[in-house]
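A.B. asks: Please find one structure pasted underneath; my questions will follow.
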Amino acid sequence: MKIRKAVFPVAGLGTRVLPATKAMPKEMLTIVDKPLIQYVYDEAREAGIEHFIFVTGRNKNVIEDHFDKMFELDATLAARSKKAEQEILAQNQPEAGAVSFTRQQAPLGLGHAVWCARDIVGNEPFAVVLPDELVLNTPGCLKQMIEMASSLGEKSNLVAVEAVPDHLTHQYGICGVGKRSGKMFEVDGMVEKPAKGTAPSNLSITGRYILQPDIFKILETQERGAGGEIQLTDAMIGLARSQKFYGVEFEGERHDCGSKPGFLRANIAYGLKRPELRDGLIAEMKKYLGQ
């Protein structure tokens with residue numbers, strides 16, 4: 001099963017990290033020295049994705065600008081012999097025609113955002129990557145999933161899952177666990193935010209998916225679910241009646257950068273992974289901890 005396209009839903013308002021997102025898209029907030037959107041783009045590119053589809057909303061034009069060439073900046077760096085900076089920008093530059101943008105005109109939920117990409121995706125399996133969830137690992141989470149997908153049938157779907165404390169399962173979409181094969185298992189049912197004490201497992205669905213295009217037909221008539229939004233999990237439950245779903249327990253540390261504690265944690269974790277920053281960051285942290 002070849003996965004060539006990835007959908008990035010970036011139309012959200014980022015209300016959990018206000019006021020930072022009043023005028024700045026959540027996806028452009030920086031972890032160390034790169035915006036969130038660059039991290040997930042890099043993860044998808046590492047996984048072999050060829051076409052990157054961004055579902056945007058109002059006031060998100062800066063995301064499109066980020067993946068465009070800035071001739072004034074390039075010229076200034078060249079004039080000042082800033083070769084290292086030029087190379088960094090060149091590495092982050094998508095190939096011509098590899099990026100598409102479409103708009104979600106109303107905040108109707110993740111399922112609706114994915115549906116908005118239907119014509120660009122076409123009739124082929126695709127990945128969905130949530131930009132406010134980072135997974136710190138090499139290889140990245142999506143590459144792990146695509147490698148596992150290569151051994152499955154043509155009409156298979158995959159979701160990345162992570163264990164959560166049992167007393168918090170009511171806050172997540174949860175998978176039931178069927179037949180296992182290493183880090184992958186057949187999904188035996190899915191439920192969105194189960195009542196306390198009723199969850200089929202403690203494995204929550206996280207922000208990485210590989211889906212068949214058949215989900216668009218379901219999303220087209222999907223009724224609104226939790227929060228009055230069109231929920232992707234509800235559509236996956238419908239698709240699971242006719243197609244296999246597999247859960248992937250990925251390797252790596254997940255960071256929910258859509259929350260303030262998660263955003264701060266991610267900056268620390270990614271900073272400590274940078275050899276040129278690690279010692280200085282540890283020294284500064286010790287000052288604040290009084291050590």
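Each row is one residue, and each column tells you yes or no for (1) in contact with a Cys (Cβ under 6 Å, 6 or more places away or on another chain); (2) free of Cβ contacts under 8 Å to residues at least 24 places away in the same chain; (3) under 22 Å from L36 (Cβ atoms); (4) not in a strand (DSSP E or B).
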| residue | (1), (2), (3), (4) |
| --- | --- |
| R224 | no, no, no, yes |
| Y246 | no, no, no, no |
| E251 | no, no, yes, yes |
| L264 | no, yes, yes, yes |
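A.B. asks: Quick one: is S201 open to solvent by 70 Å² or more (accessible area, probe 1.4 Å) and assigned to a loop (DSSP other than H, G, I, E, B)? Steps first, please.
C.D. replies: On the way: open to solvent by 70 Å² or more (accessible area, probe 1.4 Å): no; assigned to a loop (DSSP other than H, G, I, E, B): yes.
The answer is no for S201.
A.B. asks: Another one. Among strands (runs of 3 or more DSSP E) lying entirely in segment 120-185, which contain 3 or more residues that are of a type in the set (D, E, K, R), open to solvent by 50 Å² or more (accessible area, probe 1.4 Å) and in contact with a Phe, Trp or Tyr (Cβ under 9 Å, 6 or more places away or on another chain)?
C.D. replies: Details: elements: 126-129, 133-136, 156-163, 173-181.
Ranges flagged: none.
A.B. asks: Check off (1) closer than 30 Å to G122 by Cβ; (2) open to solvent by 40 Å² or more (accessible area, probe 1.4 Å) for I230 and give me the number that stays unchecked.
C.D. replies: (2)
A.B. asks: Check whether at least one residue in segment 70-86 is in contact (Cβ under 8 Å) with a residue 24 or more places away in the chain, buried (at least 16 other Cβ atoms within 10 Å of the Cβ) and not hydroxyl-bearing (S, T, Y), and report yes or no. Don't jump to the end; show me each part of the working.
C.D. replies: Here is the first cut: in segment 70-86, the ones in contact (Cβ under 8 Å) with a residue 24 or more places away in the chain are none.
So far as segment 70-86 goes, no, none of its residues is in contact (Cβ under 8 Å) with a residue 24 or more places away in the chain, buried (at least 16 other Cβ atoms within 10 Å of the Cβ) and not hydroxyl-bearing (S, T, Y).
A.B. asks: If T21 meets every condition in (1) open to solvent by less than 20 Å² (accessible area, probe 1.4 Å); (2) touching a residue at least 24 places away in the same chain (Cβ under 8 Å) apart from one, which number is that one?
C.D. replies: Result: T21 passes all but (2).
A.B. asks: If you check S259, S242, which single one turns out to be among the polar types (S, T, N, Q), open to solvent by less than 50 Å² (accessible area, probe 1.4 Å) and more than 24 Å from G182 (Cβ to Cβ)?
C.D. replies: Details: S242 fails: open to solvent by less than 50 Å² (accessible area, probe 1.4 Å).
Just one listed residue meets the conditions, S259.
A.B. asks: Continuing with the same structure: Considering only segment 28-43, I want to know if a residue exists there that is open to solvent by less than 40 Å² (accessible area, probe 1.4 Å), modelled with pLDDT under 85 and closer than 19 Å to V128 by Cα. Break it down stepwise before answering.
C.D. replies: Within segment 28-43, the subset open to solvent by less than 40 Å² (accessible area, probe 1.4 Å) is 28-29, 31, 35-43.
Retained after the next criterion (residues that are modelled with pLDDT under 85): none.
Within segment 28-43 (the criterion being open to solvent by less than 40 Å² (accessible area, probe 1.4 Å), modelled with pLDDT under 85 and closer than 19 Å to V128 by Cα), the answer is no, since none of the residues qualifies.
A.B. asks: When the residues of segment 270-291 are narrowed to those that are touching a residue at least 40 places away in the same chain (Cβ under 8 Å) and either surrounded by 16 or more Cβ atoms within 10 Å (Cβ to Cβ) or of a type in the set (V, I, T) (or both), which ends up farthest from Y39 (Cα to Cα)?
C.D. replies: Taking segment 270-291 and keeping what is touching a residue at least 40 places away in the same chain (Cβ under 8 Å), we get 270-271, 273-274, 277.
Applying the additional criterion that residues be either surrounded by 16 or more Cβ atoms within 10 Å (Cβ to Cβ) or of a type in the set (V, I, T) (or both) yields 270-271.
Details: Y270: 11, G271: 14 Å.
Here the residue is G271.
The values are calculated or read from the model by the stated rules, or taken from the named source; none is laboratory data. Everything quoted here is computed from the prediction, not taken from an experiment. So basically every Cβ, Gly included, is an ideal-geometry build from the backbone, and we count neighbours across all protein chains shown. Each accessible area value is taken on the protein alone, full model and side chains, heavy atoms only, with ligands, DNA and RNA left out. Shrake-Rupley method; radii C 1.70, N 1.55, O 1.52, S 1.80 Å.
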